[in-house]
Amino acid sequence: MNTNKLRLGPLPKSETVKLTFVCPSDLKAELDRYAALHAQTYGEPVDAATLIPHMLEAFMARDRGFRKASRT
């Protein structure tokens, strides 16, 4: 197990809804690299498609403008 800590921690179990999106091939390659590092760090295989919702959720949770707009 890798001793590095990633901003995106272990993945929680949750109900899912399928969503399809298009991204540039270089972004897909970076997502695949992140997924490989995440799997190495936390000892569970994971693919980019599984990580994307959690990454977006973390991004939105830290976006002050979004949180402020959501409260009004």
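Table for the structure above
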quantity	calculated
Anchor residue 13: lysines whose Cα lies under 23 Å away (excluding residues fewer than 8 positions away in-chain)	5
Cleavage-rule hits, trypsin sites (Lys or Arg not before Pro), the chain, DSSP coil, Cβ neighbours within 10 Å at most 16	5, 7, 13, 18, 62
Hydrodynamic radius (Kirkwood) for the chain, which is based on Cα pairs only, to one decimal in Å	13.8 Å
Backbone HN-Hα couplings from phi across the range 7-12 [Karplus 6.51/-1.76/1.60, Hz, Gly and Pro as x]	4, 8, x, x, 7, x
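Each value in this text was obtained by applying a stated rule to the coordinates, not by laboratory testing. Just so you know, these numbers come straight off a predicted model, no measurement behind them. FYI the Cβ positions are ideal-geometry reconstructions off the backbone, even for glycines, and counts take in every protein chain you see.
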